[in-house]
Amino acid sequence: MIKSIENIELQYLTIKDYEALKDAMVEAYATMPEAYWREAQIRSLIEKFPEGQVVIKINNQIAGCALSIIVDYDEFKDSHTYKELTGDYTFDTHTMEGDVLYGIDIFIKPEYRGLRLGRRLYDYRKELCERLNLRGIAFGGRIPNYYKYAKELSPKEYIDKVKRKEIHDPVLNFQISNDFHPAKILKGYLEGDKASNEFAVLLEWDNIYYEKKSKRASAKKKIIRLGLIQWQMRLYKDLEELMQQAEYFIDAVSGYRSDFALFPEFFNAPLMAENNHLPESEAIRELAKHTASIVQKFSELAISYNINVITGSMPEIKNDLLYNVGYLCKRDGTIERYEKLHVTPDEAKVWGMQGGSQLRTFDTDCGKIGILICYDSEFPELSRLLADEGMDILFIPFLTDTQNGYSRVRYCAQARAIENECYVAIAGSVGNLPKVHNMDIQFAQAMVFTPCDFSFPANGVKAEATTNTEMILIADVDIDLLRELNQFGSVRNLRDRRKDIFELKKRDN
């Protein structure tokens, strides 16, 4: 057969194709001789939705066909029959205002089976779904071998055995191999389908690129530019001078049209120099008195430079307890707070710092992000909970004094990118602070990590700064690549978790 093929072409179905289409359907559905569409029905489909009706031709002869309409899925998804879905076979249920592409029919003539032509038709449907920005594809899949097992197996048991390869079902096996997932059993779906006992499997495919229509004049970005600030620890005479330096860096990264500016943990530590005569636990509390002013200034800068600012972290006193916290200052003027949950032994011993309790993602104009301060990145449960909430980018402001401390953060951050199929950006401080106790030296290298798969760098490193040098690091990350990874990656860490044997959840505070 393959040797005699001179041309394979995917074409829109026209009414001129009807007689050839009818003959092809009679061959394809030999066990159901009346199962072919009438000319008036095909004409109606073509008039209502020409893009949804395609044929594959081999040597100019019809070898296969796919018919579809667009429906408002909420009207049908819970339970429906084929007759109801098609509007008693009139296709009046089709609406261009719908959100799901519904498969009416798909077949390949017997002589052309085995050439993966069906996959071409499904690929076309997926591309059409993406192009029209529909939520997904759905259809009722026949289970033509079910009649052999109907006396001993329920439809659910039958489907489970097909998925485990214990039973071969040519239709269902094919759908699953093309990334469709069973959603539910439909009873009485197709009248006269004795082979399936009139049962069908509602199969769905989700469009990972779907964007819900919004009445707002804005859209979430897909290519996100990150601006990481590798901050030099140096002495400043006062808060104003420190914030002048912070504004300098925000100006620099916003000049490259960055969407985020990430500062390190405790970037404001140089201000403790004026209280170096005090015990460390008192000096850090004096530093905390600047936090409110710093956050207010960062919020003003976020608005004026049109950039989302992640303030790293600062000490803050709440109910007379000392916490390590940071703020997300969005360019729309809103401010949100995050906390360090795990304080290091040194923070607890020297400063008397407490661990926080708030863990959540943040909605931004660039999608959902998470923020973990330094040591928190070494606890994989935290980032996994954020990933479960839909996090695309994890930001980690850190402060490490030695290379081995930095390595803990660096390698844990890279692991978080792989485990959670997300991007991870880290930024720390460099240099020395000889006049501030407990802040003598710093070691850092800002980096952006990715998952390790074909669409990403092989080593999982998107960008890296020069070690221990004051600088900025700019990197673009593509959110759509994460969606593709989740669906089609070589491995799928988020989807393949064995939730049947373990679970991870947050406790209510």
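Taken together, the values in this text are just the output of simple stated rules run on the coordinates, not laboratory data. Being a predicted model, the structure only gives us computed values, none of them experimental. Neighbour counts are summed over all protein chains in view; Cβ atoms, including those assigned to glycine, are modelled from backbone coordinates with ideal geometry.
List the pairs from Lys340/Lys506; Lys462/Lys505; Lys83/Lys163; Lys83/Lys194; Lys349/Lys505 whose alpha-carbon separation is above 25 Å, in the order I gave them. Cα-Cα > 25 Å for Lys462/Lys505; Lys83/Lys163; Lys349/Lys505; rest within. Taking the range 82-122 and a reference point 7 angstrom along Cα→Cβ of Ile5, the backbone N atoms nearer than 20 Å belong to 106-122.
Peptides 127-140, 366-379, 417-430, 249-262 ordered by packing proxy, namely the average of other Cβ atoms within 10 Å per residue, highest first: 417-430, 366-379, 249-262, 127-140. Each peptide in 465-475, 7-17, 143-153 was scored by the mean count of other Cβ atoms within 10 Å over its residues; highest first, the order is 465-475, 143-153, 7-17. Taking the Cα centre of the chain as origin, sum charge times position over the Cβ atoms of Lys and Arg (+1) and Asp and Glu (-1), and report the length of that vector in debye to the nearest 20. Here the chain has a charge dipole of around 940 debye. A simple rule links phi to the HN-Hα coupling: the Karplus curve 6.51 cos²θ - 1.76 cosθ + 1.60 with θ = phi - 60°, which for the range 444-460 gives 7, 8, 5, 8, 10, 9, 10, x, 9, 8, 4, 7, 10, x, 4, 8, x Hz, with x for Gly and Pro.
A crude spin-label estimate for the pair Tyr236 and Ser407, with each label 7 Å from Cα along the Cβ direction, gives 3.3 nm. Normalising the average separation of contacting C-alpha pairs (under 8 angstrom, six or more residues apart) by the number of residues puts the relative contact order of the chain at 10 percent. Excluding same-chain neighbours fewer than eight residues apart, the lysines reachable from Lys213 by a Cα-Cα span under 22 Å are Lys77, Lys126, Lys221, Lys222, Lys368. For the range 223-488, a crude dipole built from +1 on the beta carbon of Lys and Arg and -1 on the beta carbon of Asp and Glu, taken about the Cα centre, is about 180 debye to the nearest 20. Where only DSSP H runs of four or more residues are counted, the chain gives -8000 deg cm²/dmol as its mean residue ellipticity at 222 nm, each run worth -39500 (n - 2.57). If you bin all the Cα-Cα distances of the range 351-509 at 5 Å, starting from zero, the percentages per bin are 2, 9, 17, 20, 20, 15, 10, 6, 2, 1, 0. Beyond 16 Å, how much of the Cα-Cα pair distribution for the range 72-112 remains, as a whole percent? Result for the distance tail: 40 percent. Gain on full extension, evaluated as 0.36 nm per residue between Tyr12 and Glu157 minus their Cα-Cα distance, stands at 48.3 nm.
For the range 70-143, what does the alpha-carbon gyration tensor say about shape, rounded, prolate or oblate, given a ≥ b ≥ c as the root eigenvalues, a/c under 1.5 as rounded, and a/b over b/c as prolate? Taking the square roots of the gyration eigenvalues as a ≥ b ≥ c, the range 70-143 is oblate.
Projecting the Cα atoms of Ile208, Gly52, Met243 onto the charge dipole of the chain, computed from C-beta unit charges around the Cα centre, puts Gly52 farthest toward the positive end.
Taking other Cβ within 10 Å of each residue's Cβ, how do Asp508, Asp346 sort, fewest first?
Asp508, Asp346
Across the range 85-90, coupling constants 3J(HN,Hα) worked out from phi with the 6.51/-1.76/1.60 Karplus curve, θ = phi - 60°, read 4, 8, x, 6, 6, 9 Hz, and Gly and Pro carry x. Of the peptides 391-398, 172-179, 446-453, 52-59, the order by per-residue mean of other Cβ atoms within 10 Å, starting with the highest, comes out as 391-398, 446-453, 52-59, 172-179. Taking all Cα pairs closer than 8 Å and separated by 6 or more residues, the relative contact order of the range 390-460 comes to 34 percent. Annotation for Ile317 and Ser490: the two label points, set 7 Å from Cα along the Cα-Cβ direction, are 5.4 nm apart.
Where a Cα-Cα gap under 17 Å defines reach, which lysines qualify for Lys48, not counting those fewer than 8 residues away within the same chain? Of all the lysines, those that pass the test against Lys48 - Cα under 17 Å, at least 8 places apart if same chain - are Lys16.
Please list, ordered by chain and number, the residues whose modelled amide H lies under 5 Å from the amide H of Lys184; skip anything fewer than 5 residues away on the same chain. Residues meeting the amide H criterion: Leu202.
A crude spin-label estimate for the pair Lys222 and Asp332, with each label 7 Å from Cα along the Cβ direction, gives 2.1 nm. Across the range 186-328, Cα pairs under 8 Å and at least six residues apart give a relative contact order of 20 percent.
Against the main long axis of the alpha-carbon atoms of the chain, helix 239-255 sits at an angle near 30°. Once the Cβ-Cβ distance of Lys187 and Phe454 is raised to the sixth power relative to R0 = 30 Å, the FRET efficiency obtained is 0.10.
Rounded to the nearest 0.05, the FRET efficiency derived from the C-beta distance between Ser177 and Lys148 at R0 = 22 Å is 0.55.
In a reduced charge model with +1 at each Lys and Arg Cβ and -1 at each Asp and Glu Cβ, the range 106-159 shows a dipole moment near 100 debye about its Cα centre. With unit charges on the beta carbons (Lys and Arg positive, Asp and Glu negative) and the dipole taken about the Cα centre of the range 359-504, which residue among Val436, Thr466, Cys452 sits farthest to the positive side? Toward the positive end, the furthest listed residue is Val436.
Think of the chain as having a plus end and a minus end, set by charges on the Cβ of Lys, Arg, Asp and Glu; of His290, Ser258, Ser177, Ser177 sits farthest toward the positive end of this dipole. Whole-Hz Karplus values for the range 55-63 come out as 10, 9, 10, 10, 6, 6, 10, 5, 10 Hz, taken residue by residue from phi with 6.51 cos²θ - 1.76 cosθ + 1.60 and θ = phi - 60°; glycine and proline positions read x. Of all DSSP beta bridges confined to the range 2-206, the antiparallel ones make up roughly 90%.
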